[in-house]
Structures are given as structure tokens and as C-alpha cells.
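The values are calculated or read from the model by the stated rules, or taken from the named source; none is laboratory data. Since this is a predicted model, take the numbers as computed values, not measurements. Methodologically, a virtual Cβ is constructed for each residue, glycine included, from the backbone with ideal geometry; neighbour enumeration extends over all protein chains shown. Surface areas here come from the heavy atoms of the whole protein model, side chains and all, with no ligands, DNA or RNA. Shrake-Rupley method; radii C 1.70, N 1.55, O 1.52, S 1.80 Å.
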Amino acid sequence: MQFADPQEALDFLAQHPDVRHIELFLIDPNGVPRGKLLHRDELLAVFRDGRPLPSTILGLTIQGEDVEDTGLVWEVGDADCWTYPLPGSLTLQTWRAEPTGQLQVGMHPERGLPAAVADPRLLLARVANALKADGYHPVMAVELEFYLLDQQRQPHERPQPGRQGNGQRPQQTQVYGVLELEQLQGFLNDLYRACEAQGLPARTAISEYAPGQVEITLEHRYDVLQAIDEGVRYKRVVKGVANQHGMDACFMAKPFADLAGSGMHLHVSLADAQGNNLMASDDPQGTPLLRHAIAGMMATLDDALALFCPHANSYRRFQANSYAPLAKSWGVNNRTVSFRVPGGHPNSRHIEHRICGADANPYVAAAALLAGMHKGIREQLDPGPAIEGNGYAQVRDSLSTDWLGALSRLAQSAWAKEALGEDFLRVYLAIKFAEYRQFMGEVGEQDWRWYLQHA
């Protein structure tokens, strides 16, 4: 695992003498940033010597409560576990009232024990390295949908879309509407400015399929860790800039029963060591390698579903004619399937994985996706014929909508234990089963609020 050089801290401090504080964070198994606010005088020591964080920081529910069954609480004495800065992650948070830095850290594989086994970034690195050892270099991009909601509301009132530049709330869907984007110009300007300051490749903005729903694409990266790092930092930026504008950026999978859900589409291909796309083909269905990869993702989907859909709310997104998938299906240039091969230039041939809700942890989802691809490639699996036309009318093998069933299948999966590691799964499942018990015991069927701030 590569960590940052102290020279990055020296350069940052010299370039930004007005920055007094730096937000230090790592990503927990739920995808939530957790950490501390440091004084600038502490920064250089973090780069030189690392920074200890308590073992429990990677064993928390979505509400931030200890899960004793993770083994990261009492039996290890909530031990200090050493983290180190990730290269290139020391940047500015432009949305803060005062100049503030931001630094992402990761657990050290040895000095970070016992918590290191639950670091989702280390999980992704391990899975990606297994693919690279066989000559396949994952190329990925993250595509996230989200809602912009007004922070001003009554306690039991349905959330409302944030006010636009004209002071009005959007009331119509107006998918792909350019006027809707124009009305969000203030927010979008600040968002793009923040992304530029952090080196995030934010590109096309789209008005999505509900009032107040937005999507902005990120570029593909040859380094899969870079791609997912940028995805999680982008999510942090969106939340920060939205807060600056008096709004909540909501990444729940299905915040409203009667409106479109929000997905996290992961775009993936495999390249050789020189960066050449091994899935490139004049055939729109791609190379045999592409089809083996899809077959592997299909074969492992039942076992991995609780990784792609981590909350009770995640499963409400699976509805017919909603642009969310319903089955283990694949197709070419077809948004009614789970695994889509987009059209385009033969050299850009890749797979769009459309199953994850926007609430999924990008590191965990990417690791499960790549591990599934690896299985399909090694075993030369066949995905069957591509779906043509309306995939919703051709559902043969439906995705589960049962959260507990998905968790149970993951817990019993021999493939997941081998591909992702028993230690990570033990912690992840302890957290998820604790959340399930809490949801069933304390949260009503229509009560979504406890997911809103951190989903």
C-alpha cells in the first residue's frame, strides 16, 4: 500500500498559510467518512508518523454506534490503529466558511490491525491486485445520482426539493431538462469549483428522472483505487457544497416511494499493463473476455447483493419500468438490464454495472464486482444470450427484495469468503445484522430519516 510523501504536507502548508484546520477522514464499511479535525500544526506529523484512530471507527452502524460483534470494541480495548495519508488527497474544502483542508487516510495493513481487516479500501486493493496478477488491470468510473433537498422543513413533513435560482421548488420531472440545470447554476458552479480544487474529474451534469434529482459523471481511471477514491471524495464534496446552499444532498437509494430511485452505476473494463482495453471489439457484444466477466458477475450476484444494496431502503429501488434493474440480465445499449454494454467506439467497450443504489460503499461494491468478474474469467463462464428490447418484460431470474435474505446468502457464501476474506465479511456482516435488528425493532416502515444524513 502506497502512502503519501511528507513533502505533500510541506508544500500544502506553504501554499495555504491561511488554512488553520484540516479535516482528516477515512471511509468506514458503510461508506461514511469518519475522522477528526486537525490543527495545521499537527499535519506534518501525520505524514511522517501516521495518525492513530480507534479500532471502533471501522465497526460502527450507519448511526455511528459501536457493534460489539465486530470484535473491534471491548475485546481489543478499542485499540489505537495507525492510519497514513493517501497520496494526492490533501486538498481544500472550498465550501467551508473559513479556509479548511481535507486529508483522506487509510489503515496501514500491519500497524492498522486489528481494524485494518475492515478497511474497505484495503479490500479493494487486495481484489484488484489479484486481477492484476493474472494480467488484467481494472479501469473504472463512478456515476452517482442524488437528490437536492431543502434543509428547512417541519419534523414530520415530507422532504421538499431545494429551491432553484428563481426561488421556486421544481415540481416536474423534466429529465434532461436544461432549464433545470440553469436554475441550479449557483450550486453547480460551486460544485465544479470544489471538484477542480480537489482534482476530481467532474464532467457532464444531467437533470435526472425526478424533481431535484441530479447526476454528474466522473471520468474513467486506469487506476481503480484512484477511480473509487475520487468517487467517495466527490460524494463528500456534493454534501459539503449542498450544505453551503442550504440543502441536503441525499444519496438514499429510494427516498420517495413515488419517485425515481438513485443509483450508483459502476463502469468497468479490463486493460493490459500498457493500458490497452482488452474488451475492445468491433462486435457490440464485446470480446469473449467481456462476456466471461458479465457471466461471473451474474453468477455471484445473489451472494453479493447485500454488498451492492446495504440497507433496507436499498431494495425499494427495484421496481419495473424505473430504470433500476430487476433481474440477472445483460444487453447491449439497453438500460432495462443489470449489466449494460454501452454503445460507442470499439476501443471504449466496457460494462456498466447498474445494480448498486447510491447508498452503496463504492470500495465494497467495486471489490465485489471485480471479484465476480475474476470468477467468470477464470472459469470461462457464459452469460447466455443478451436481452433485446424491454428487459422488464423478459424477467427470468428476479433480484431479491429481501434484505435479511441477502445478508444470509452473503454470510453463507463460500465464494465471498474466499474472494473478499473472512475477516472483512465478519465485520461487515456484524454491522449489517446489527442494523437489521435495529431497523426491525425501532424504525417504522415509512421512517426514512435515520438514513438521510449518512446514506
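Can you find even one residue in segment 161-173 that is in contact (Cβ under 8 Å) with a residue 12 or more places away in the chain, in a loop (DSSP other than H, G, I, E, B), among the β-branched types (Val, Ile, Thr) and in contact with a Leu (Cβ under 9 Å, 6 or more places away or on another chain)? Scanning segment 161-173, I find at least one residue that is in contact (Cβ under 8 Å) with a residue 12 or more places away in the chain, in a loop (DSSP other than H, G, I, E, B), among the β-branched types (Val, Ile, Thr) and in contact with a Leu (Cβ under 9 Å, 6 or more places away or on another chain), so the answer is yes. Taken together, the criteria place residue 286 among residues that are more than 29 Å from residue 251 (Cα to Cα), buried (at least 21 other Cβ atoms within 10 Å of the Cβ) and more than 17 Å from the chain's Cα centre (by Cα). The condition of being within 16 Å of the chain's Cα centre (by Cα), open to solvent by 50 Å² or more (accessible area, probe 1.4 Å) and not hydrophobic (A, V, I, L, M, F, W, C) holds for only one of 230, 157, 182, 219, that being 219. Among the residues making up segment 194-208, those that are touching a Ser or Thr at 6+ places or on another chain (Cβ under 6 Å) and touching a residue at least 24 places away in the same chain (Cβ under 8 Å) are 194, 197, 198.
If you go through segment 233-277 and keep only what is crowded, with 23+ Cβ neighbours inside 10 Å, touching a strand residue (DSSP E or B) at 6+ places or on another chain (Cβ under 6 Å) and of a type in the set (Lys, Arg), you end up with nothing. Report whether or not residue 167 is at positive phi and open to solvent by 40 Å² or more (accessible area, probe 1.4 Å). No; evaluated as a whole, the condition is false for this residue.
Applying the criterion of being among the charged types (D, E, K, R) and not in a helix (DSSP H, G or I) to the residues of segment 9-33, the residue that is surrounded by the most Cβ atoms within 10 Å (Cβ to Cβ) is 28. The residue that is least open to solvent (accessible area, probe 1.4 Å), among those in segment 289-322 that are among the hydrophobic types (A, V, I, L, M, F, W, C) and part of a loop (DSSP other than H, G, I, E, B), is 309. In segment 345-356 there is at least one residue that is in a helix (DSSP H, G or I), within 22 Å of residue 277 (Cβ to Cβ) and in contact with a strand residue (DSSP E or B) (Cβ under 8 Å, 6 or more places away or on another chain).
Here is a yes/no grid of residues against (1) closer than 26 Å to residue 216 by Cα; (2) modelled with pLDDT under 95; (3) among the β-branched types (Val, Ile, Thr):
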residue	(1), (2), (3)
122	no, no, no
135	no, no, no
141	yes, no, no
149	yes, yes, no
158	yes, yes, no
161	yes, yes, no
165	yes, yes, no
172	yes, yes, no
